[in-house]
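**Q** Below is the structure I would like to discuss, written out as structure tokens.
The values are calculated or read from the model by the stated rules, or taken from the named source; none is laboratory data. Source: prediction; values computed, not measured. FYI the Cβ positions are ideal-geometry reconstructions off the backbone, even for glycines, and counts take in every protein chain you see. Side chains included, ligands, DNA and RNA excluded: accessible areas come from the protein's heavy atoms. Shrake-Rupley method; radii C 1.70, N 1.55, O 1.52, S 1.80 Å.
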Amino acid sequence: MKFDLTDLRIFLSAVEGGSLTAAAQQNNVVVAAVSARLRKMEESFGLPLVERTGRGIRPTLAGDILVGHARKVLDDTRKLEVELDAFSEGRGGTIRLLSNTNMLSEHMPQLLGSFLRQNPDIFVTVTDKPSLEVVNLLRNGEADIGIVASSADMTGLERWRFVPDRLVLIVPHDWALEGPVAYARILDHPLIALSTTVALSQFLRRLATELGRRANIRIRVENFESLCRIVECGAGLGIVPESAARRYGRDMGFRTLEIADGWAERELYVCVRNQQQLPLYAKKLLLHFQTYAEEAKNAAFCEDVIIKV
């Protein structure tokens with residue numbers, strides 16, 4: 001069985017146009033070439049695909065079956081051509097992005113939303129991973145771009161400072177606890193935490209294990225808003241990014257305390273294995289991140305100047 005996309009295209013245009021002449025005009029060939037191609041397809045299948053009528057042609061039962069498949073094949077081919085054209089020009093493709101919990105919840109939605117609006121042919125898969133895993137996956141070529149904490153070993157990776165990622169403790173208003181509070185002391189209290197699959201939860205569990213402790217988790221929730229609301233009710237303490245504490249603290253009744261441990265003061269970095277080897281569409285997202293970081297730094301500087309004045 002030998003036929004190509006041109007055969008399918010001519011066959012379909014003949015059936016849809018109702019004549020060999022219509023197919024010839026649509027495909028810029030002579031009628032004899034259309035007839036020869038249809039005859040070759042019928043010989044290949046061993047079945048008649050069209051029947052001649054006084055007014056032109058119409059598909060046989062076998063031809064009807066072929067029509068449905070031909071349309072699908074040609075539609076898929078057109079989609080493939082569009083995607084590959086976009087890929088070759090750097091306009092389209094799928095970026096594999098790894099990030100930590102704070103970025104996914106606090107910065108990434110708006111950041112990626114604006115990028116995707118500006119680049120309709122680009123897709124992004126985002127996975128929440130601890131920083132220690134992100135750097136290894138980047139080195140192994142299993143991701144394009146990663147967001148990691150400054151504590152991660154970024155040896156062998158290209159990196160750019162991104163945004164601050166300070167972690168804080170939130171407590172109910174009526175709890176007799178004042179900051180800064182060491183993590184070893186925090187573990188003496190009941191905690192409200194995110195799900196076990198979240199990078200922040202894995203990070204905090206590892207820190208507790210290093211202290212020979214186990215956190216007393218009363219409940220796990222799916223997002224920072226739910227965590228803050230449960231803390232507000234007095235059910236326990238919670239560790240969240242400072243940006244989340246500020247946002248939800250405007251309308252909720254909890255206090256925010258500093259964490260005494262050095263790991264709470266973090267900087268996030270954007271990392272890639274090799275910028276030059278990134279596809280053009282991934283380089284666009286990297287530039288978007290770098291621009292965002294520069295604007296955030298300038299905004300923080302201006303805010304600091306205003307406060308000092």
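**Q** Of a type in the set (S, T, N, Q), open to solvent by 20 Å² or more (accessible area, probe 1.4 Å) and not in a strand (DSSP E or B): is that true of Thr291 in this structure?
**A** Taking the combined requirement at face value, the residue satisfies it.
**Q** Would you mind stating whether Leu287 is within 23 Å of Asn119 (Cβ to Cβ) and modelled with pLDDT of 90 or more?
**A** Values: within 23 Å of Asn119 (Cβ to Cβ): yes; modelled with pLDDT of 90 or more: yes.
Against the criterion (within 23 Å of Asn119 (Cβ to Cβ) and modelled with pLDDT of 90 or more), Leu287 qualifies.
**Q** Take the residues in the stretch 189-207 that are crowded, with 19+ Cβ neighbours inside 10 Å and more than 26 Å from the chain's Cα centre (by Cα); name whichever of them is farthest from Ser105 (Cα to Cα).
**A** The selected residue is Leu191.
**Q** Right, something else. For Arg220, state whether it is under 25 Å from the mean Cα position of the chain (by Cα), of a type in the set (D, E, K, R) and surrounded by fewer than 21 Cβ atoms within 10 Å (Cβ to Cβ).
**A** For Arg220, the condition - under 25 Å from the mean Cα position of the chain (by Cα), of a type in the set (D, E, K, R) and surrounded by fewer than 21 Cβ atoms within 10 Å (Cβ to Cβ) - is met.
**Q** May I pose another question? Of the residues that make up the stretch 116-136, is at least one small (Gly, Ala, Ser) and open to solvent by less than 40 Å² (accessible area, probe 1.4 Å)? Lay out the reasoning, then the answer.
**A** Step one: of the stretch 116-136, the residues small (Gly, Ala, Ser) are 131.
If we keep only those that are open to solvent by less than 40 Å² (accessible area, probe 1.4 Å) too, we end up with 131.
The answer is yes, given that some residue of the stretch 116-136 is small (Gly, Ala, Ser) and open to solvent by less than 40 Å² (accessible area, probe 1.4 Å).
**Q** Answer yes or no: is there a residue in the stretch 169-178 that is touching a residue at least 24 places away in the same chain (Cβ under 8 Å), among the small types (Gly, Ala, Ser) and more than 25 Å from Gly93 (Cβ to Cβ).
**A** No, the stretch 169-178 contains no residue that is touching a residue at least 24 places away in the same chain (Cβ under 8 Å), among the small types (Gly, Ala, Ser) and more than 25 Å from Gly93 (Cβ to Cβ).
**Q** To continue, here is another question. Hey, among the residues in the stretch 162-187 that are charged (D, E, K, R) and either open to solvent by less than 10 Å² (accessible area, probe 1.4 Å) or within 23 Å of Asn223 (Cα to Cα) (or both), which one's modelled with the lowest pLDDT?
**A** Asp165
**Q** For the stretch 189-262, list the strands (runs of 3 or more DSSP E) that sit wholly inside it and hold at least 2 residues that are more than 18 Å from Leu167 (Cα to Cα); which are they?
**A** Values: elements: 191-194, 217-221, 238-241, 254-258.
Answer list for the stretch 189-262: 217-221.
**Q** Next question, about the same structure. Can you tell me which residues in the stretch 133-155 are of a type in the set (A, V, I, L, M, F, W, C) and either at positive phi or not in a loop (DSSP other than H, G, I, E, B) (or both)? Before the answer, list the steps.
**A** Here is the first cut: in the stretch 133-155, the ones of a type in the set (A, V, I, L, M, F, W, C) are 134-135, 137-138, 143, 145, 147-149, 152, 154.
Answer for the stretch 133-155, where residues must be of a type in the set (A, V, I, L, M, F, W, C) and either at positive phi or not in a loop (DSSP other than H, G, I, E, B) (or both): Val134, Val135, Leu137, Leu138, Ile145, Ile147, Val148, Ala149.
**Q** Taking the conditions exactly as written (out of contact with any Asp or Glu (no Cβ under 7 Å at 6 or more places or on another chain), assigned to a helix (DSSP H, G or I), within 30 Å of Asp121 (Cα to Cα) and open to solvent by 20 Å² or more (accessible area, probe 1.4 Å)), does Gln276 satisfy them or not?
**A** Here the answer is yes, as Gln276 does meet what is asked.
**Q** Also, quick follow-up: Those residues that are polar (S, T, N, Q) and at pLDDT below 90, I need them from the stretch 137-161; list them, please.
**A** Asn140, Ser150, Ser151
**Q** OK, next. Examine the stretch 52-63 for a residue that is in a helix (DSSP H, G or I), buried (at least 20 other Cβ atoms within 10 Å of the Cβ) and at pLDDT below 90, and state whether such a residue exists.
**A** Taking every residue of the stretch 52-63 in turn, at least one turns out to be in a helix (DSSP H, G or I), buried (at least 20 other Cβ atoms within 10 Å of the Cβ) and at pLDDT below 90.
**Q** Please state which of the following conditions Arg159 fails to meet, knowing it meets all the rest: (1) open to solvent by 70 Å² or more (accessible area, probe 1.4 Å); (2) touching a residue at least 60 places away in the same chain (Cβ under 8 Å); (3) touching a Phe, Trp or Tyr at 6+ places or on another chain (Cβ under 8 Å); (4) not in a strand (DSSP E or B).
**A** (4)
**Q** Across the stretch 1-43, which residue is farthest from Ile65 (Cα to Cα) among those that are of a type outside the set (A, V, I, L, M, F, W, C) and outside any helix (DSSP H, G or I)?
**A** Asn28
**Q** Which condition breaks for Leu66 when tested against (1) over 30 Å from Val15 (Cβ atoms); (2) part of a helix (DSSP H, G or I); (3) at pLDDT 85 or above?
**A** That leaves (1) as the condition not met.
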